[in-house]
Amino acid sequence: MMTAKVAAQAGELLLKVARFAAQLGFRLRSDGVNAQSLLLPNGSRFVARPAVQASSRGCSQARFIIIDEAAFVPDEMFKALSPILAGGGGAPWVISTPCGTGGRFADFWHDRTNDFTKFSLPANDCPRFTPEFLAAERSLYGDLYLAREYLGQFVTAGI
């Protein structure tokens, strides 16, 4: 299962998975039940849903759930996803840029007692972003925006 704040964003993530599956030579089709889904040859499914409790409840036994741009997903959604993971012995894959210092994503990131493996890739270490582009973003939107959106910093002020 994959979820994001809105259905279109979850669908974009599903599209990336479908492209990757196609490169591996998998025959692509939906699961026949969910409009935004992908059924793999081994019977595993990827289902994209918006981060709305009503659209996710009833799902069960997920091996993993990808929560895209998790800093923007409502905190209550994380509670709705927990039982889905528990039934399948699964784990969340929580992906996001920071959005300040609050929320469940920030909690997960800063909690030293959870078992999450954490990765950070600031834009200045990513070849997709040139120094000129980042300088232009800083000029247009300021240091605080650059720190949160491109440098992976959990900040709300003081940059």
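The values are calculated or read from the model by the stated rules, or taken from the named source; none is laboratory data. Remember, it's a predicted structure, so these values are computed and weren't measured experimentally. FYI the Cβ positions are ideal-geometry reconstructions off the backbone, even for glycines, and counts take in every protein chain you see.
Computed values, structure above
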read-out	value
In the range 94-113, residue nearest to the chain's Cα centre (by Cα) [restricted to those that are of a type in the set (S, T, N, Q) and surrounded by 11 or more Cβ atoms within 10 Å (Cβ to Cβ)]	Ser96
Residues being more than 19 Å from the chain's Cα centre (by Cα), of a type in the set (A, V, I, L, M, F, W, C) and surrounded by 10 or more Cβ atoms within 10 Å (Cβ to Cβ) - total across the range 115-146	7
Of all residues making up the range 114-159, the number that are basic (Lys, Arg) and in contact with a Pro (Cβ under 9 Å, 6 or more places away or on another chain)	1
Output for the range 31-53, where each listed residue is of a type in the set (Ser, Thr, Tyr) and buried (at least 17 other Cβ atoms within 10 Å of the Cβ)	Ser37
Some residue of the range 87-104 being out of contact with any Ser or Thr (no Cβ under 8 Å at 6 or more places or on another chain), part of a helix (DSSP H, G or I) and closer than 30 Å to Ser55 by Cβ	yes
Answer residue from the range 5-59, given it is within 19 Å of Ala91 (Cβ to Cβ) and touching a Pro at 6+ places or on another chain (Cβ under 7 Å) and is modelled with the highest pLDDT among those	Ala10
Which numbered condition Phe72 fails, given (1) in contact (Cβ under 8 Å) with a residue 40 or more places away in the chain; (2) surrounded by 19 or more Cβ atoms within 10 Å (Cβ to Cβ)	(2)
Residues (more than 23 Å from Pro74 (Cα to Cα) and not in a loop (DSSP other than H, G, I, E, B)) located in the range 16-48	Lys16, Val17, Ala18, Arg19, Phe20, Ala21, Ala22, Gln23, Leu38, Leu39, Arg45
Residue among Lys5, Lys79 that is within 13 Å of the chain's Cα centre (by Cα) and under 26 Å from Gly152 (Cβ atoms)	Lys5
Phe64 being in contact (Cβ under 8 Å) with a residue 24 or more places away in the chain and aromatic (Phe, Trp, Tyr)	yes
Test result for Ile84, assigned by TED's automatic domain parsing to the domain that holds Phe20, assigned to a strand (DSSP E or B), surrounded by 18 or more Cβ atoms within 10 Å (Cβ to Cβ) and in contact (Cβ under 8 Å) with a residue 60 or more places away in the chain	no
Condition met for Ile95 (touching a residue at least 60 places away in the same chain (Cβ under 8 Å), of a type in the set (Val, Ile, Thr) and out of contact with any helix residue (DSSP H, G or I) (no Cβ under 6 Å at 6 or more places or on another chain))	no
